[in-house]
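The values are calculated or read from the model by the stated rules, or taken from the named source; none is laboratory data. Only a predicted model underlies this, so the values are computations on that prediction, with no experimental measurement involved. Every residue, glycine among them, receives a Cβ derived from its backbone with ideal geometry; neighbour counts consider all protein chains shown. Calculation scope for accessible area: heavy atoms of the full protein, side chains included, ligands and nucleic acids excluded. Shrake-Rupley method; radii C 1.70, N 1.55, O 1.52, S 1.80 Å.
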Amino acid sequence: MTVGEIAAWHNKTSGLNAELTVIMMEGWNRGMGWEDTGLKFRPTSPNIRNLTAAVLYPGIGGFEATNVSVGRGTSEPFEVFGAPGCKAMI
């Protein structure tokens, strides 16, 4: 769901009845990935430098609360991970 779709759904299901206007995007469909938009990716943080890291972050970022390293400080943050005692699987 897009952010607008989530807002409309929450407004309706929670009975908020907020005055909400969602402006639909032109030239976009649900099957598109970022690379299909033709827009330049702009890093959202020093550790999310590319589209791959941005896509992987929601799934891998949660491991930061454990002893697993998610690659911060490397050239590929969120694209690699490991921990003491883990065997590499290539």
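None of G4, G15 is surrounded by fewer than 10 Cβ atoms within 10 Å (Cβ to Cβ), small (G, A, S) and without any contact (Cβ under 8 Å) to a residue 60 or more places away in the chain except G15.
Just checking, does region 48-55 include any residue being in a helix (DSSP H, G or I) and among the small types (G, A, S)?
Here is the first cut: in region 48-55, the ones in a helix (DSSP H, G or I) are 51-55.
From what's left, among the small types (G, A, S): 53-54.
Within region 48-55 (the criterion being in a helix (DSSP H, G or I) and among the small types (G, A, S)), the answer is yes, since at least one residue qualifies.
Could you check, for region 47-69, whether at least one of its residues is at pLDDT 90 or above, hydroxyl-bearing (S, T, Y) and under 12 Å from the mean Cα position of the chain (by Cα)? Checked region 47-69: at least one residue is at pLDDT 90 or above, hydroxyl-bearing (S, T, Y) and under 12 Å from the mean Cα position of the chain (by Cα). Applying a threshold of 8 Å to beta carbon distances and a minimum spacing of six or more residues, or different chains, the list of pairs starting in region 62-80 at a residue that is closer than 13 Å to T52 by Cα and ending at one that is assigned to a strand (DSSP E or B) reads P77/I48; F78/I48.
Residue-by-condition table, conditions (1) surrounded by fewer than 14 Cβ atoms within 10 Å (Cβ to Cβ); (2) in a helix (DSSP H, G or I):
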position	(1), (2)
E19	yes, no
M25	yes, no
G59	yes, yes
F63	no, yes
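Does region 37-47 contain any residue that is among the hydroxyl-bearing types (S, T, Y), over 30 Å from T74 (Cα atoms) and open to solvent by 50 Å² or more (accessible area, probe 1.4 Å)? Within region 37-47 (the criterion being among the hydroxyl-bearing types (S, T, Y), over 30 Å from T74 (Cα atoms) and open to solvent by 50 Å² or more (accessible area, probe 1.4 Å)), the answer is no, since none of the residues qualifies.
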